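Take a look at the structure below.
The values are calculated or read from the model by the stated rules, or taken from the named source; none is laboratory data. Just so it is clear, the structure is predicted and the values come from calculations on it, not from any experiment. Note that each Cβ is placed from the backbone with ideal geometry, even for glycine, and that neighbours are counted across all protein chains shown. Quick note on the areas: whole protein, heavy atoms, side chains included, nothing else; ligands and nucleic acids left out. Shrake-Rupley method; radii C 1.70, N 1.55, O 1.52, S 1.80 Å.
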Amino acid sequence: MVALSALVLALSAVSALGSQMASRGLTRVCGTEISTAEKDAVEADFAARRTELKLAADAQKPKRVTIPTYVHVVRSSRKLSGGNVPDSQIADQMRVLNAAFANTSYSFKLVETTRTTNKNWFEYASNYEDGIGNQTEMKTALRRGDAKALNVYTVGFREGTAGLYGLLGYGTFPFDYEDAPKNDGVVILYSTVPGGTTDPYNFGTNLVHEVGHWTGLYHVFNEGDLSGTCDGSSDLVDDTPAQRYPTFGCPERQDSCPDLPGDDAIHNYMDYSTEDCQNNFTPGQRERMHAQMGVYRGI
Ligand SMILES: [Zn+2]
(Lines give C-alpha, C1' and ligand atoms only; values in the text may rest on other atoms or scores of the structure.)
Protein backbone atom coordinates (compact mmCIF):
# COMPACT_ATOMS: atom_id res chain seq x y z
CA MET A 1 0.00 0.00 0.00
CA VAL A 2 2.84 2.36 0.79
CA ALA A 3 4.45 1.68 -2.58
CA LEU A 4 1.15 2.19 -4.37
CA SER A 5 0.52 5.45 -2.53
CA ALA A 6 3.96 6.73 -3.45
CA LEU A 7 3.40 5.79 -7.06
CA VAL A 8 -0.03 7.36 -7.17
CA LEU A 9 1.22 10.52 -5.52
CA ALA A 10 4.11 10.87 -7.93
CA LEU A 11 1.88 10.23 -10.91
CA SER A 12 -0.93 12.49 -9.81
CA ALA A 13 1.49 15.35 -9.39
CA VAL A 14 2.63 15.59 -12.95
CA SER A 15 1.25 13.22 -15.52
CA ALA A 16 -1.73 12.40 -17.65
CA LEU A 17 -1.66 8.89 -16.24
CA GLY A 18 -2.34 10.45 -12.85
CA SER A 19 -5.38 12.07 -14.36
CA GLN A 20 -6.59 8.75 -15.78
CA MET A 21 -6.21 7.16 -12.36
CA ALA A 22 -8.07 10.08 -10.84
CA SER A 23 -10.94 9.62 -13.27
CA ARG A 24 -11.13 5.97 -12.22
CA GLY A 25 -11.57 7.07 -8.63
CA LEU A 26 -8.15 5.97 -7.42
CA THR A 27 -6.92 9.37 -6.38
CA ARG A 28 -8.16 12.70 -5.23
CA VAL A 29 -6.41 16.00 -5.65
CA CYS A 30 -6.79 18.88 -3.22
CA GLY A 31 -5.17 22.03 -4.55
CA THR A 32 -4.54 23.56 -1.11
CA GLU A 33 -0.77 23.74 -0.98
CA ILE A 34 1.85 25.57 1.03
CA SER A 35 5.62 25.44 0.69
CA THR A 36 7.82 24.52 3.65
CA ALA A 37 9.35 28.00 3.65
CA GLU A 38 5.97 29.70 3.65
CA LYS A 39 4.71 27.34 6.35
CA ASP A 40 7.69 28.16 8.56
CA ALA A 41 7.02 31.87 8.15
CA VAL A 42 3.29 31.72 8.88
CA GLU A 43 3.78 29.38 11.84
CA ALA A 44 6.29 31.79 13.39
CA ASP A 45 3.76 34.60 12.99
CA PHE A 46 1.00 32.38 14.41
CA ALA A 47 3.08 31.44 17.47
CA ALA A 48 3.87 35.10 18.18
CA ARG A 49 0.29 36.30 17.81
CA ARG A 50 -1.03 33.34 19.79
CA THR A 51 1.25 34.17 22.71
CA GLU A 52 0.08 37.76 22.61
CA LEU A 53 -3.58 36.68 22.76
CA LYS A 54 -3.04 33.73 25.10
CA LEU A 55 -4.29 35.27 28.35
CA ALA A 56 -7.52 36.44 26.79
CA ALA A 57 -8.00 33.13 24.95
CA ASP A 58 -7.39 31.01 28.05
CA ALA A 59 -9.86 33.08 30.05
CA GLN A 60 -12.63 32.19 27.63
CA LYS A 61 -14.24 28.80 27.40
CA PRO A 62 -14.96 27.71 23.83
CA LYS A 63 -18.42 28.84 22.87
CA ARG A 64 -20.65 27.98 19.99
CA VAL A 65 -20.14 30.31 17.05
CA THR A 66 -22.41 30.41 14.02
CA ILE A 67 -20.54 31.13 10.82
CA PRO A 68 -22.57 32.87 8.10
CA THR A 69 -22.13 30.84 4.94
CA TYR A 70 -22.58 31.98 1.36
CA VAL A 71 -22.78 29.36 -1.38
CA HIS A 72 -22.05 30.60 -4.88
CA VAL A 73 -23.27 28.20 -7.54
CA VAL A 74 -21.25 28.94 -10.68
CA ARG A 75 -22.66 27.12 -13.69
CA SER A 76 -22.21 26.80 -17.41
CA SER A 77 -25.94 26.24 -17.98
CA ARG A 78 -29.17 25.83 -16.04
CA LYS A 79 -28.89 22.05 -16.21
CA LEU A 80 -27.54 19.98 -13.31
CA SER A 81 -24.81 18.70 -15.66
CA GLY A 82 -23.86 22.33 -16.19
CA GLY A 83 -23.23 22.74 -12.48
CA ASN A 84 -26.65 24.09 -11.47
CA VAL A 85 -26.62 22.40 -8.04
CA PRO A 86 -30.18 22.24 -6.66
CA ASP A 87 -31.10 23.76 -3.28
CA SER A 88 -31.84 20.26 -1.95
CA GLN A 89 -28.22 19.16 -2.49
CA ILE A 90 -26.94 22.38 -0.91
CA ALA A 91 -29.15 21.74 2.15
CA ASP A 92 -27.79 18.17 2.38
CA GLN A 93 -24.23 19.53 2.06
CA MET A 94 -24.82 21.96 4.93
CA ARG A 95 -26.07 19.08 7.09
CA VAL A 96 -22.92 17.03 6.36
CA LEU A 97 -20.72 20.04 7.08
CA ASN A 98 -22.43 20.75 10.41
CA ALA A 99 -22.35 17.08 11.47
CA ALA A 100 -18.59 16.96 10.81
CA PHE A 101 -17.96 20.11 12.88
CA ALA A 102 -20.43 19.14 15.63
CA ASN A 103 -17.72 18.63 18.24
CA THR A 104 -15.94 21.90 17.40
CA SER A 105 -17.06 25.40 18.39
CA TYR A 106 -18.39 26.09 14.92
CA SER A 107 -21.65 25.64 13.11
CA PHE A 108 -22.47 26.96 9.67
CA LYS A 109 -25.65 28.72 8.66
CA LEU A 110 -26.54 29.21 5.01
CA VAL A 111 -27.52 32.85 4.60
CA GLU A 112 -27.55 33.16 0.82
CA THR A 113 -27.16 31.09 -2.33
CA THR A 114 -26.14 32.97 -5.46
CA ARG A 115 -26.35 31.53 -8.96
CA THR A 116 -24.14 32.82 -11.76
CA THR A 117 -23.87 31.57 -15.33
CA ASN A 118 -20.27 31.99 -16.47
CA LYS A 119 -18.65 29.29 -18.57
CA ASN A 120 -15.07 30.47 -18.00
CA TRP A 121 -15.43 30.53 -14.23
CA PHE A 122 -17.16 27.15 -14.27
CA GLU A 123 -14.55 25.45 -16.44
CA TYR A 124 -11.30 27.07 -15.30
CA ALA A 125 -11.59 28.50 -11.76
CA SER A 126 -8.71 26.59 -10.21
CA ASN A 127 -5.75 28.00 -8.28
CA TYR A 128 -3.37 26.65 -10.94
CA GLU A 129 -1.68 29.08 -13.27
CA ASP A 130 -4.21 28.66 -16.07
CA GLY A 131 -7.18 29.13 -13.73
CA ILE A 132 -6.03 31.79 -11.29
CA GLY A 133 -7.25 34.74 -13.39
CA ASN A 134 -10.76 33.31 -13.57
CA GLN A 135 -10.89 32.41 -9.89
CA THR A 136 -9.76 35.90 -8.91
CA GLU A 137 -12.39 37.49 -11.15
CA MET A 138 -15.06 35.12 -9.79
CA LYS A 139 -14.26 35.74 -6.12
CA THR A 140 -13.92 39.50 -6.59
CA ALA A 141 -17.38 39.60 -8.11
CA LEU A 142 -19.14 37.22 -5.73
CA ARG A 143 -17.51 37.16 -2.27
CA ARG A 144 -19.69 38.32 0.63
CA GLY A 145 -19.02 39.18 4.28
CA ASP A 146 -15.82 39.63 6.28
CA ALA A 147 -13.16 37.33 7.78
CA LYS A 148 -15.86 35.58 9.83
CA ALA A 149 -17.91 34.54 6.78
CA LEU A 150 -17.44 31.33 4.83
CA ASN A 151 -17.78 31.64 1.06
CA VAL A 152 -18.14 28.39 -0.91
CA TYR A 153 -17.94 28.34 -4.70
CA THR A 154 -19.13 25.30 -6.66
CA VAL A 155 -17.55 24.97 -10.11
CA GLY A 156 -16.72 22.37 -12.79
CA PHE A 157 -12.87 22.27 -12.95
CA ARG A 158 -13.23 20.66 -16.39
CA GLU A 159 -10.56 22.35 -18.45
CA GLY A 160 -6.83 22.99 -18.28
CA THR A 161 -4.64 21.75 -15.45
CA ALA A 162 -7.58 21.27 -13.06
CA GLY A 163 -9.35 18.97 -15.52
CA LEU A 164 -6.17 17.05 -16.20
CA TYR A 165 -5.44 16.46 -12.51
CA GLY A 166 -8.98 15.69 -11.44
CA LEU A 167 -9.02 18.59 -8.96
CA LEU A 168 -11.75 18.25 -6.32
CA GLY A 169 -11.23 21.52 -4.48
CA TYR A 170 -9.01 23.97 -2.67
CA GLY A 171 -9.33 26.39 0.20
CA THR A 172 -7.53 29.33 1.77
CA PHE A 173 -6.15 29.41 5.32
CA PRO A 174 -7.17 31.87 8.06
CA PHE A 175 -3.71 33.47 7.93
CA ASP A 176 -4.21 34.26 4.22
CA TYR A 177 -7.11 36.62 4.92
CA GLU A 178 -5.21 39.70 6.02
CA ASP A 179 -3.26 40.08 2.76
CA ALA A 180 -5.94 38.83 0.37
CA PRO A 181 -9.45 39.19 1.84
CA LYS A 182 -11.28 38.79 -1.48
CA ASN A 183 -9.47 35.51 -2.12
CA ASP A 184 -10.73 34.00 1.13
CA GLY A 185 -12.96 30.93 0.80
CA VAL A 186 -13.36 27.44 -0.56
CA VAL A 187 -13.84 26.29 -4.15
CA ILE A 188 -15.17 22.76 -4.77
CA LEU A 189 -16.14 20.54 -7.66
CA TYR A 190 -19.95 20.86 -7.80
CA SER A 191 -20.53 17.12 -8.18
CA THR A 192 -18.84 16.27 -4.84
CA VAL A 193 -21.86 17.49 -2.85
CA PRO A 194 -24.10 14.74 -1.42
CA GLY A 195 -25.97 13.09 -4.28
CA GLY A 196 -23.43 14.37 -6.82
CA THR A 197 -21.93 12.24 -9.56
CA THR A 198 -18.24 12.14 -8.53
CA ASP A 199 -18.35 8.68 -6.93
CA PRO A 200 -16.67 7.89 -4.48
CA TYR A 201 -16.20 11.55 -3.58
CA ASN A 202 -19.85 12.49 -3.32
CA PHE A 203 -20.61 12.18 0.37
CA GLY A 204 -20.08 15.88 1.06
CA THR A 205 -16.84 15.48 3.00
CA ASN A 206 -14.83 17.08 0.20
CA LEU A 207 -16.24 20.38 1.48
CA VAL A 208 -15.53 19.32 5.08
CA HIS A 209 -11.86 18.77 4.10
CA GLU A 210 -11.60 22.17 2.41
CA VAL A 211 -13.34 23.95 5.30
CA GLY A 212 -10.79 22.15 7.50
CA HIS A 213 -8.13 24.16 5.65
CA TRP A 214 -10.27 27.30 5.97
CA THR A 215 -10.27 26.83 9.75
CA GLY A 216 -6.47 26.45 9.81
CA LEU A 217 -5.71 22.74 9.38
CA TYR A 218 -3.01 21.23 7.17
CA HIS A 219 -3.10 17.74 5.64
CA VAL A 220 -2.30 14.93 8.11
CA PHE A 221 0.32 13.54 5.72
CA ASN A 222 3.70 15.04 5.02
CA GLU A 223 3.73 17.02 1.81
CA GLY A 224 7.27 18.30 1.94
CA ASP A 225 8.31 16.51 -1.24
CA LEU A 226 7.29 13.56 -3.36
CA SER A 227 9.63 11.11 -1.65
CA GLY A 228 7.74 11.66 1.60
CA THR A 229 9.23 11.86 5.05
CA CYS A 230 8.12 10.78 8.51
CA ASP A 231 7.85 14.15 10.16
CA GLY A 232 5.27 13.77 12.91
CA SER A 233 4.85 17.50 13.35
CA SER A 234 4.29 18.46 9.72
CA ASP A 235 0.67 19.44 10.43
CA LEU A 236 1.55 21.16 13.73
CA VAL A 237 -0.89 18.86 15.55
CA ASP A 238 0.39 16.47 18.23
CA ASP A 239 -2.22 13.72 18.08
CA THR A 240 -2.10 12.92 14.35
CA PRO A 241 0.62 10.27 13.86
CA ALA A 242 3.50 10.76 11.44
CA GLN A 243 2.30 9.87 7.94
CA ARG A 244 4.54 9.64 4.92
CA TYR A 245 1.93 9.69 2.14
CA PRO A 246 -1.72 10.49 1.58
CA THR A 247 -4.15 7.58 1.79
CA PHE A 248 -6.14 6.54 -1.26
CA GLY A 249 -9.25 4.41 -1.13
CA CYS A 250 -10.13 3.05 2.31
CA PRO A 251 -7.59 0.47 3.50
CA GLU A 252 -8.32 -1.47 6.66
CA ARG A 253 -5.24 0.06 8.20
CA GLN A 254 -2.04 1.72 7.00
CA ASP A 255 1.20 2.57 8.74
CA SER A 256 3.50 4.50 6.42
CA CYS A 257 5.90 5.36 9.28
CA PRO A 258 6.30 2.02 11.09
CA ASP A 259 9.26 3.21 13.17
CA LEU A 260 7.11 5.90 14.80
CA PRO A 261 4.04 5.38 17.00
CA GLY A 262 0.54 5.18 15.59
CA ASP A 263 -1.14 4.04 12.38
CA ASP A 264 -1.91 6.58 9.65
CA ALA A 265 -4.99 8.69 10.35
CA ILE A 266 -6.88 7.21 7.40
CA HIS A 267 -10.27 8.20 8.83
CA ASN A 268 -9.31 11.81 9.34
CA TYR A 269 -11.02 14.49 7.26
CA MET A 270 -7.60 15.96 6.40
CA ASP A 271 -6.34 12.82 4.62
CA TYR A 272 -7.17 11.89 0.99
CA SER A 273 -9.13 8.69 1.72
CA THR A 274 -12.45 8.06 0.00
CA GLU A 275 -15.26 10.00 1.58
CA ASP A 276 -17.06 7.05 3.16
CA CYS A 277 -13.77 6.41 5.01
CA GLN A 278 -13.53 9.83 6.65
CA ASN A 279 -15.19 10.57 9.96
CA ASN A 280 -13.14 12.66 12.38
CA PHE A 281 -11.08 15.64 13.45
CA THR A 282 -8.81 14.92 16.44
CA PRO A 283 -8.82 16.94 19.70
CA GLY A 284 -5.45 18.40 18.65
CA GLN A 285 -6.91 19.55 15.33
CA ARG A 286 -9.85 21.13 17.15
CA GLU A 287 -7.46 23.02 19.41
CA ARG A 288 -5.46 24.30 16.43
CA MET A 289 -8.64 25.21 14.60
CA HIS A 290 -9.91 27.28 17.53
CA ALA A 291 -6.55 29.04 17.93
CA GLN A 292 -6.21 29.79 14.19
CA MET A 293 -9.77 31.08 13.98
CA GLY A 294 -9.27 33.16 17.11
CA VAL A 295 -6.03 34.74 15.99
CA TYR A 296 -6.86 35.39 12.32
CA ARG A 297 -10.67 35.57 12.09
CA GLY A 298 -11.51 36.90 15.54
CA ILE A 299 -13.86 33.98 16.29
ZN1 LIG B 1 -6.52 19.51 1.21
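For the chain, the calculated P(r), taken from all Cα-Cα distances in 10 Å bins from zero up to the bin holding the longest distance, is 6, 29, 37, 23, 5, 0 percent. With only the Cα atoms considered, region 112-261 has a convex hull volume of 139 Å³ per residue. Under the criterion of Cα pairs below 8 Å and six or more residues apart, the relative contact order for region 158-267 equals 16 percent.
Add +1 for every Lys or Arg and -1 for every Asp or Glu among the other residues with Cβ under 14 Å from the Cβ of Ala44, and state the total. Residues near Ala44 contribute -2 overall.
What number does region 105-182 give for Rg over Rh if you use C-alpha atoms and the Kirkwood radius? We get a ratio of 0.97 for region 105-182. Solvent-accessible surface of the chain, taken per residue with a 1.4 Å probe and all protein chains present: 43 Å².
Of the GluC sites (Glu not before Pro) in region 105-191, the ones in a loop by DSSP (not H, G, I, E or B) with at most 12 other beta carbons within 10 Å are Glu129, Glu178. Shown for the chain: the carbon plus sulfur share of the solvent-accessible area, taken with all protein chains present and a 1.4 angstrom probe, equals 54%. Leu207 sits with roughly 10 Å² accessible to a 1.4 Å probe, with DNA, RNA and ligands left out of the calculation.
Count Lys and Arg as plus one, Asp and Glu as minus one, and take only other residues whose Cβ is under 11 Å from that of Ser273; the net charge is then -3.
For the chain, relative contact order (Cα pairs under 8 Å, six or more residues apart, normalised by length) works out to 19 percent. By the Cβ distance rule (another cysteine Cβ under 4.7 Å), the unpaired cysteines of the chain are Cys30. Within the set Lys79/Lys182; Lys39/Lys79; Lys79/Lys148; Lys63/Lys119; Lys54/Lys139, which residue pairs have Cα atoms separated by over 30 Å? Those over the limit are Lys39/Lys79; Lys79/Lys148; Lys63/Lys119; Lys54/Lys139. Across the chain, the longest piece that holds none of the trypsin sites (Lys or Arg not before Pro) lying in DSSP loops with up to 10 other C-beta atoms within 10 Å covers 80-252.
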